[in-house]
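A quick write-up on the structure given underneath.
Computed from the coordinates by the stated procedures, all read-outs in this text should not be read as laboratory data. Everything numeric in this text was worked out from a predicted model, so none of it was measured. Ideal geometry is used to build each Cβ from the backbone, glycine not excepted, and the neighbour counts take in all protein chains shown.
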């Protein structure tokens, strides 16, 4: 031990540093070394870091075992069936019994969704319809036009009972598919004022309340916000699923480059530090220039479009 200490500090023979040529510090026999009663100063941070890693791993395992990314990609009906997937592959669209209920919930639609029955359908409705068109109180009613929940037996119930029990839609409107959700067509609703009509009949919901264009408009606004937020989430998940192998490959390459970089830092630390700084500044400046070019090009295109 003493020999190694003498080699480190130099003996009393005037040893010099091989790199700098400066005299090494002379060995001091009275030196007792570091403080005896010392302790770790970052143990708390280490514990917090370990807890974070464990929690992150537990969350990942929980998401893998219990999670289902398809719920973010496909719409689901009231029974939890995925529209356009599995047994409902032929029914990729989602129809809401009463879209006005979405507007009544307001921002709460993000938490609980629309509090109205929802069913998977092959195509969104292409016309306005109300169940009163086919209702015949004196005899049998035509039940072919109503859209019902999966598994509902139309034969065993009267048309009015199917509607009142929320087994079938009381009405539906000419709709277009937005993110595979059937939403009423805006241009059609602008043609009406007040009550919405279908073949001369005033459209009513399952509770026999009149459906108005104002109510549909409020529901559309609330539902539009919900769809926009869901669209962003679906795009992120879809991109991850489509490019997961590229992400894994990039992580492996990054790990390899990091190891090589750390190895080179042992011999050419100064050069590597300056290279990193220059690369960061150069890449950041290049990306900024590209963004500015895209911004000005888009602004000029929009200006020319407005002039035309």
Open item on the list: What does the C-alpha gyration tensor say about the overall shape of the range 243-307? Classify as rounded when a/c is under 1.5, otherwise prolate if a/b is larger than b/c, or oblate.
Closed with: oblate
Task: Label-point gap, in nm, between residue 235 and residue 87 - each point 7 angstrom along Cα→Cβ - done: 3.5 nm
Task: Among 81-90, 275-284, the order from most to least packed when residues are scored by Cβ within 10 Å on average - done: 81-90, 275-284
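What FRET efficiency would be calculated for the residue pair residue 154, residue 303, taking the C-beta separation as r and a Förster radius of 45 Å, to the nearest 0.05? Please report the intermediate quantities before stating the final value.
Details: r = 58 Å, r/R0 = 1.28.
Efficiency, rounded to the nearest 0.05: 0.20.
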- [ ] Determine the gain in length on full extension of the stretch residue 246-residue 259; use 0.36 nm per residue of separation and subtract their C-alpha separation, reporting nm with one decimal.
- [x] 2.7 nm
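By how many nm would the segment from residue 276 to residue 66 lengthen if fully extended, with 0.36 nm per residue of separation less the alpha-carbon distance? Each step should come with its number before you reach the end.
Values: separation 210, 0.36 × 210 = 75.60 nm, distance 4.21 nm.
Once the chain is fully extended between residue 276 and residue 66, it gains 71.4 nm.
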Task: Distance from the range 260-308 to the range 129-155 (C-alpha centre basis), Å - done: 63 Å
